[in-house]
Structure formats: C-alpha cells, structure tokens
Amino acid sequence: MTASPATPPAAAAAPAPVPYSDWSARFEDWTEDLVEVFREVAESDEFILKSRVERLEAEVARRTGAAHAVAVAGGTGALTVTLAALGIGPGDEVVTPAFSFVSTASTVALRGATPVFADVEYDTAMLDVAATEAAVTDRTRALLPAYLFTESPRMGAFAALAARRGLHLVEDSAVALGAEVDGLPAGRHGTAGVYSFFPAKPAGGIGDAGMIVTDDAELARVARMLRNHGQPAGKRFHHELLGFNCRMDELTAGFLLRKLPHLDRLHARRREIAEVYEEGLRPLAPVVLPPPAGFAGRSVYTYVVRAQERDALRAHLAAEGIGTTVYYPRPLHLQPAFAHLGHGPGDFPVAERLCREALALPLHPDMAPGAPERVVAAVRRFCTAGR
Ligand SMILES: Cc1ncc(COP(=O)(O)O)c(C=O)c1O
C-alpha cells in the first residue's frame, strides 16, 4: 500500500494591500455628517460666503490666534489673494523654494511678479535660510517658504530675516493647519499664512477650499474684497478693485465645522504612524533615510523618505502591494511653466536630488491597524535583499 501524500498546507492568505490613500476609508466615519450638512444647507437658502463660512473663519481665527481669517476657494486661491492684497505685481520678486508644490511659485508668477527660487535643505526639504538671504535683492517684496510632508520651515529665522530686510513673510502653510513651529501655530509667523482644505490634507474637507490668516486688518479687508469680485461687504455690484471669484461654499464650511474639532485627534494618529515609521526605518540608513525625528507639534502630512535607489524601492513596494507617491518628480525651476526664468539643471542641486530620491509612504489616519508595520517590514526586506 502506498502512503497517501501529505495534505499540502493551506496557502497563506496574501496580506491586504496598503494603498497610498484610501478615500472610502477616509470618509467612512463622516457619511452621516455629510448627509446632515447637505440637508442643512439645502434647507437654509445659504450657499456661498454665508453663516457657516463666517463661523468657520471665527473657528480658524480662534484656533490660530489670528485677528482675521478670510475663507477662500482653495490654498492656491489663498496665496493668490494674499499676494494681490499685498500689491505684489510686475517688477517685484518673491523668494520661494525650488522644491515645492507648484502653487508656491505659480501664484507669484501669475501676479506678474518673479518667483526667485532658492534651494532647500536636504534633510528637511524645506527652504534654506542662507540660500534665501542670498537671493534677496532690492526688488524682493516677500519671502514665501512652504511646509511640506512632515516638516516645518525654520520660521523663526525667516521672520527675523524678513524683519531685518523689511520684507513681507507669507507662509505657504497649506498643509499645516494644526502644526506649531518655533512656539507659534504654522501660518502665524509673518504677514499672513494660508491653509488648504483639499481633501487629502490633514484638515481636508470635501472639495477645494482654503483660508488666509493675518493680524493685518487692512490686508484682511482687501482680501475679503478680492475674493469676491472686488466688492466691499454689503455693496453688491460695486467693484472697488479688480477681484477674483475665490469664495468658499457653505457645504464645505458646514462639513469643516464638524471636522475641525477632531483635527488634534487626527493629527495625533498621523504622528503615531510617523513614529512607527521612524522607529522601524531609522536603522536602515543610509539605504533609506527617514525625515528628521521628533513629531511633537508637527503637522504630519506625508511621510517622505529619501533613497538613492528610490525607483527600485518603489517597484519593490508595489510588488508587495504597497502604494507610494513621488513628491515631486521635477523641481519647479525645471518645469516648462517656469522656462521663462532661464534656469537649467544644476542650478538648485538639492531640489534636483530630492526629486530623484524622495518617496512618500502611505500615511493617513484611517490606515488599518498593522498596516504601517507591514510597510516597515517591506522596506526592510528591500534593504536587506542583497544590499
Ligand atoms: C505646499 C502647498 N501649497 C499650496 C497648495 C495648494 O492648495 P490647494 O490645492 O488647496 O489649492 C498645496 C496643495 O497641494 C500644497 O501642497
């Protein structure tokens, strides 16, 4: 009698994929709120720049300690309106990072002013203070550093530089509502700061929306006109200035009023995930370099590591079912849209290097338990596989 073959062990279930972002998970907890907000707004006869928007402005002003908060249609709109309200235009220069989201520089160029790029720090990817100072000329009107990923620019140093050189400091804190840096909320170090409520942001809403914060009453007054076709409050069809249609709607404001009370909790979860990455990935240097440690007070938006073999790491993670994103594949000075500035490869070497090396790992407050640890294990396997 021949022995019957041993029963093969059941194939282990493939681990669940870890998507880079998971929109259905993001909104799962908010479905009821969304439905209620839509009903409230539909029954209210208020659609744009009305009572919910005013309450949201008051809430953001309270949270950040700003004297004025001006709701607009997006983070890009917030930059545009701020720069316009400051009267920045042709002949003016604004120093801004070569490595950022396009709005940091496109909003300057669209005012007819010149974005003057400066390089960023390799460790933090933030605008370099010394490079910024070197880029200041007698045409410079403002400094415009940007918060990205988990990092904050050295705002204390930028505020001191702006004061010393008599410049405006505008903070592109689009991703950083809720962060603190150098003892102040992000967005509160200079003339004005901006926030974005784009859904992916830590304070994300249900569409495009943004906010300007400032202590400057005149800047706020002009910004309020500029966001609404240049009309002063209560003077419909009177156009004091050439303005924009850059207004926040009541649906978004109503939703954000429900979400902002949870922002600290959502930030705390983001920081928890960043700490799992930090602990697991730190020993993998120099193959994979995590961002600087210590997340207290930071707004953790995306967790971006640097790796010389970035594309191979990305392919390895994809093969293990883990989604990643590249922020940013091309620095601003080499984008066709800024060709008129005449830059070439090598002009901002750190920005260019980050474009080759930076890789964002999945990080959102709705990640499944164990998913960050799974990402760490997959990155570890990459680092130990024949390296
Ligand atoms: C650094 C930075 N600035 C500005 C913006 C623009 O914000 P919005 O998408 O709300 O226009 C973004 C959005 O991605 C950003 O990341």
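Odds and ends about this structure:
- Failed item in (1) open to solvent by 20 Å² or more (accessible area, probe 1.4 Å); (2) within 16 Å of the ligand (Cβ to nearest atom), with S173 passing the rest: (1)
Listed here are the residues, each with its yes/no results for (1) more than 12 Å from the ligand (Cβ to nearest atom); (2) of a type in the set (V, I, T).
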site	(1), (2)
A84	yes, no
F101	no, no
F117	yes, no
T132	yes, yes
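- The lone exception for F38 - which of (1) among the aromatic types (F, W, Y); (2) away from the ligand (no atom under 12 Å from the Cβ); (3) not in a helix (DSSP H, G or I) it fails: (3)
- Checking the stated criteria, V120 turns out to be at pLDDT 95 or above and closer than 27 Å to A293 by Cα.
- Residues satisfying the stated conditions in the stretch 290-303, i.e. over 19 Å from L184 (Cβ atoms) and either surrounded by fewer than 19 Cβ atoms within 10 Å (Cβ to Cβ) or free of Cβ contacts under 8 Å to residues at least 12 places away in the same chain (or both): P292, A293
- Here is the figure for the stretch 47-76: residues that are part of a helix (DSSP H, G or I) and under 17 Å from A186 (Cβ atoms) total 7.
- Residues located in the stretch 153-163, provided they are in contact with an Asp or Glu (Cβ under 9 Å, 6 or more places away or on another chain) and surrounded by fewer than 23 Cβ atoms within 10 Å (Cβ to Cβ): R154, G156, A157, A159, L161
- Members of the stretch 136-164 found to be in contact with a helix residue (DSSP H, G or I) (Cβ under 8 Å, 6 or more places away or on another chain) and part of a helix (DSSP H, G or I), listed by number: A157, F158, L161
- Restricting the stretch 38-94 to residues that are open to solvent by 60 Å² or more (accessible area, probe 1.4 Å), in contact (Cβ under 8 Å) with a residue 24 or more places away in the chain and out of contact with any Lys or Arg (no Cβ under 7 Å at 6 or more places or on another chain) leaves a set whose member that is nearest to P261 (Cα to Cα) is R63.
- Selection count where residues are open to solvent by 30 Å² or more (accessible area, probe 1.4 Å), touching a residue at least 24 places away in the same chain (Cβ under 8 Å) and assigned to a loop (DSSP other than H, G, I, E, B), scope the stretch 202-242: 4
- Residue in the stretch 255-273 that is open to solvent by less than 40 Å² (accessible area, probe 1.4 Å) and among the small types (G, A, S) present: no
- Flag if F237 is assigned by TED's automatic domain parsing to the domain that holds R154 and within 16 Å of the ligand (Cβ to nearest atom): no
- Leading residue by the ranking (farthest from the ligand (Cβ to nearest atom)) among those in the stretch 86-99 that are in a strand (DSSP E or B) and either touching a Leu at 6+ places or on another chain (Cβ under 6 Å) or among the basic types (K, R) (or both): V95
- Picking from residues in the stretch 186-201 that are farther than 22 Å from E133 by Cα and crowded, with 23+ Cβ neighbours inside 10 Å, the one that is nearest to the ligand (Cβ to nearest atom) is S196.
- Per-region count, the stretch 304-324, residues open to solvent by 40 Å² or more (accessible area, probe 1.4 Å) and either outside any loop (DSSP other than H, G, I, E, B) or of a type in the set (K, R) (or both): 7
- Yes/no for A179 being over 22 Å from E28 (Cα atoms) and surrounded by fewer than 20 Cβ atoms within 10 Å (Cβ to Cβ): no
The values are calculated or read from the model by the stated rules, or taken from the named source; none is laboratory data. Values in this document were obtained by computation on a predicted structure and should not be read as measured data. Note that each Cβ is placed from the backbone with ideal geometry, even for glycine, and that neighbours are counted across all protein chains shown. Accessible surface areas use protein heavy atoms only, side chains included; no ligands, DNA or RNA. Shrake-Rupley method; radii C 1.70, N 1.55, O 1.52, S 1.80 Å.
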